[in-house]
Amino acid sequence: MKSKGILTGIISNLIIIETEDKVLQNEICFVRHGNESLLAEVIRISGKNKYAQVFENTRGLKVGSQVDFTGELLEVTLGPGMLSKIYDGLQNDLYKMEGLLLNRGQYNKPFDPEQLWEFRPLVKAGDIVKAGDWIGEVTEKWLKHKIMVPFYYENLDATVTSIVKEGMYQEKDAVAVITDSEGNNYSITMKFKWPVKKPVRIYQKKVRPYKIMETGVRVIDIFNPMVEGGTGFIPGPFGCGKTVLQHAISKYADADLILVVACGERANEVVELFTEFPELDDPRTGRKLMERTIIICNTSNMPVASREASVYTGMSMAEYYRSMGLKVLVLADSTSRWAQALREMSNRMEELPGPDAYPMDLSAIVANYYSRAGHVVLNNGKTGSITFIGTVSPAGGNLKEPVTEATKKVAQAFYALSQQRADSKRYPAIDSISSYSKYLEYNEIKNFLNHTYEKSWTEKVQKLRNILNHGKEIRDQINILGDDGVPLDYHQIFWKSELIDFTLLQQDSFDDIDASTPIERQKYMLNLILNVVVINFKFDNFEIIADYFKKIIDMVKQMNYSEFKGSNFLNFQNDLNKLIMENQPDEAKSLTENLY
Ligand SMILES: Nc1ncnc2c1ncn2[C@@H]1O[C@H](COP(=O)(O)OP(=O)(O)O)[C@@H](O)[C@H]1O
Ligand SMILES: [Mg+2]
C-alpha cells in the first residue's frame, strides 16, 4: 500500500503534508490539484508532518488536497537514447515541447519507447555478473552504449541465465535474465532507474588524477590545468564571462561526453544554448558537437526545486556514462543558483540558518556533490572519469561568501574571474595570479606535463608566471612613481608581461580560430613567446619600449587569429622575426628555434 496524506500548508513551493503513513526521506509524491498532479519531493520528516518541495508552480493549490506518495526517490532513467537530448531536471525531453516550457503537471517521457536498438550481447549464459557489468551493447550514434546490470543490484552476485541473440529490441524487451544464489530471477531491459542523490559507487577504486584534460583555453591548459577526473570552479561577478568560458570549454574539451547543466540562469542564455549548440561542429571528430553533448536545463523562471533536481540528474547521468568507461565532463552554471534554492527551502522550513542564511550543512552538501567526480577503475579493469567544473556567482564578487568558501574547500582548481580584467575586456577574465590548480603539485601531473607535453614544460611555465607576477608589481610601482620613477629594465619586464597576457592569457571566444587552441599549437606559442621574453632588448626610453612591444603583441595576436602554420600565420611570424632582428640581430636567429 502506497502512503497517502493531506495537504495542510503551502509556503510558496514548500508544502506540508499530514500523514500517519510511513514516508521516506526524499520520497517522491504527487499533489492532486483538479486534473493535474504536481510532483514533489519530501525534504523533511517531522512526526506526522512531512515537508516537501514542489517542482512546479503551486499557484491555486488548496489545503485539504490529497497527496499520493510513490515509495520511490527522485530518480533518473538511464539507457540508450539520451545523447544530444535537452532535458529539464526531471528528465522531461524539452525538444518535444513548444516554447521550451512544460505546462504545469505535464511530464514528458525521456525516451522514445518505440525506438529499436541493435543489441549485441557481451556475456553468455553461465557468466557471473555484478551490478554495473556490461552485458551487451547497442550502437547509439558514435557510441557503443553499454547495457549494464542495473546499479541497484549492488549487493547481488548473479549468474546469467539467458541472454538474447544479437538483434533489434525495444526498451520494454528483456534482453537478459540473471539469477542470484538463492535462485531468484531478475529480468534486465536496456534501461533502469537510479535515485539521483545517491552517488554511484560501482567501481574498484578511485585513482589519483594522472592525466591532463585539455580544454583548449590557453590560460587554463598552460597555467592552471584541469585533469581527467578533477574538479574546478569558476567564481566571478555577473557579466565577467563565466558562461562564455564554460561554453568555450564545452566546445573543445577533450572529453567523450559533455553534460551541460544550465541551472537557474536567464532563459535567453538557455535559448542561445539550444539554438547555437546543435549547429556547431566538433573540431576533434568532425561530427556535430551536439552528438557528444547532453543539456540539462532549468532556467531562473522555473521553480527553485527543479534546480536541485537538475544538478543531481546531470551528475547521475555522468556516473552512468563513466561506468561505460567514458571520459565525461560536467559543466554546471551556476551552482550558486542551486545553493540559493537550498537556502530558500531551508528558510521556508524555518531551519536554524548558517552564514548568510544558507543551510548549516551547505559545505557538506557541496562537498558530497563534488566528491562524485573522479577517475575510477571499473570492476572490469577499464577506467572512466568525471571531470566537474562549476561556476559560482558570488553577490558583488565577494569571494568570502558561503557558496564560494564551501566550494573552495573541495574544488582543486580555482579559476577566479576578475571584474577589473572583464572591465578592460581582457577575456577570459581569469586572474592568473590568484587562480590556481592544485593538480600542479601532484607528481603524477608534473611527470605527465614534463614527459607527455615537453621536457621542462613546468619550468617554462614557471618562467612565464614569474614575468607575469613581476609585471604586476612593476605596474603598481609605475602607478605610484610614474613612468620615469622606475628603471628602463622594469618597463621592458612590464611589457613582456603584457605580451604574455595579450597573447597567451587572452583568447577571443567569438573567433572561429582563436576560440580554442589545440595543445600542439599551445606548445608552439608558448615556446615562441618564451623565445621573445628571454631576449634582452636595448631601448633608449620607455616610450620606444611601449611602441615596440605593441607591435610584437599585434603580430602574435594576428598569428592567434590565423590558421596554424598557414601562410598568414607564417607571414606574421616572419614580420615578427624582422622586427626582432632590428633590435637584436643575434638573438632573432633563435626566435624560431625549438618550435615545431
Ligand atoms: N572570452 C571572451 N571573449 C570575448 N568576449 C567575452 C569573453 N568572455 C566574456 N565575454 C563578454 O562578456 C559578456 C558576459 O559574459 P557571460 O559569460 O555572460 O558572463 P557571466 O556568465 O559571468 O555573467 C559576454 O556577453 C561577452 O560580451
Ligand atoms: Mg552566466
If every Lys and Arg gets +1 and every Asp and Glu gets -1 at its Cβ, then about the Cα centre the chain yields a dipole, in debye to the nearest 20, of 1180
Cα-Cα longer than 32 Å, checked against 48/85; 85/460; 425/578; 288/382; 191/382, kept in input order, equals 48/85; 85/460
Put in order of increasing Cβ neighbours within 10 Å, starting from the fewest, 70, 58, 517 give 70, 58, 517
Measuring from the longest principal axis of the C-alpha atoms of the chain, the long axis of helix 305-322 (C-alpha) lies at a number of degrees, nearest 10, equal to 80
Taking the alpha-carbon centre of each part, the distance from the stretch 398-453 to the stretch 173-204 in Å is 40
Placing each pseudo-label 7 Å from Cα in the direction of the beta carbon, residue 279 and residue 554 end up separated by a distance in nanometres of 3.2
Quick note on 344, 319, 582, ordering by fewest other C-beta atoms within 10 Å, gives 582, 344, 319
The exposure ranking of 24, 329, fewest beta-carbon neighbours within 10 Å first, is 24, 329
Phi-derived 3J(HN,Hα) across the stretch 514-527 with the Karplus relation (6.51, -1.76, 1.60, θ = phi - 60°), rounded Hz, x for Gly and Pro, is 6, 3, 9, 10, x, 5, 4, 5, 4, 4, 4, 5, 4, 5
Going residue by residue through the stretch 392-402, the Karplus relation 6.51 cos²θ - 1.76 cosθ + 1.60 with θ = phi - 60° gives ³J(HN,Hα) values, rounded to whole Hz and with x marking Gly or Pro, of 10, 10, x, 4, x, x, 7, 6, 9, 6, x
Projected onto the charge dipole of the chain (unit charges on the beta-carbon of Lys, Arg, Asp and Glu, signs +1, +1, -1, -1), the Cα from 151, 296, 531 with the largest positive-side position is that of 151
Residue separation between residue 470 and residue 567 times 0.36 nm, minus their alpha-carbon distance, gives in nm 31.4 nm
Here the relative contact order (percent) of the chain, from C-alpha pairs under 8 Å and at least 6 apart, is 12
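Of 409/551; 242/438; 455/551; 130/446, which ones are farther than 32 Å apart at the Cα? Please report the intermediate quantities before stating the final value.
Numbers: 409/551 43 Å; 242/438 21 Å; 455/551 30 Å; 130/446 37 Å.
Over 32 Å Cα-Cα: 409/551; 130/446.
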With x for Gly and Pro, the residue-by-residue ³J(HN,Hα) of the stretch 137-144, computed from phi through the Karplus equation 6.51 cos²θ - 1.76 cosθ + 1.60 at θ = phi - 60° and given in whole Hz, is 9, 10, 8, 10, 6, 8, 9, 7
Chymotrypsin sites (Phe, Trp or Tyr not before Pro) in the stretch 534-572 lying in a DSSP loop, each with at most 11 other Cβ atoms within 10 Å of its Cβ, come to none
Looking only at aspartates and glutamates whose Cα falls under 17 Å of residue 327's and that sit 8 or more positions away or on another chain, we get 140, 214, 228, 254, 256, 282, 291, 319
Residues meeting the amide H criterion for residue 122 (H placed from the backbone, H to H distance under 5 Å, 5 or more places apart or on another chain) are 136, 137
Bounding extents of the chain in its principal axis frame from Cα atoms, largest first in Å, are 89, 55, 42
Percent antiparallel among DSSP beta bridges confined to the stretch 205-437, nearest 5, equals 35
Long-range amide H partners of residue 27, meaning residues 5 or more apart or on another chain whose placed amide H is closer than 5 Å, are 42
Between residue 577 and residue 450, Cβ-based FRET efficiency (R0 41 Å, step 0.05) works out to 0.90
The stretch 174-284: relative contact order from alpha carbon pairs under 8 Å, six or more residues apart, as a whole percent, is 17
Dividing the helical contributions, -39500 (n - 2.57) per DSSP H run of n ≥ 4, by the residues of the chain yields a 222 nm value, nearest 500 deg cm²/dmol, of -9000 deg cm²/dmol
Ranking 260, 379, 55 by how far each Cα lies towards the positive end of the charge dipole of the chain (+1 on Lys and Arg Cβ, -1 on Asp and Glu Cβ), the top one is 379
Restricted to the chain, the DSSP antiparallel beta bridge percent, nearest 5, is 70
Rounded to one decimal in nm, the spacing of the 7 Å Cα→Cβ label points at residue 107 and residue 36 is 1.5
The size of the Cβ-based charge dipole (Lys, Arg +1; Asp, Glu -1) of the stretch 465-556 about the Cα centre, to the nearest 20 debye, is 380
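Rule-based calculations on the coordinates, nothing more; no lab input. Please read these numbers as outputs of a predicted model, since none were measured by experiment. Positions of Cβ are generated from backbone atoms using ideal geometry, with glycine treated the same way; all protein chains shown enter the neighbour counts.
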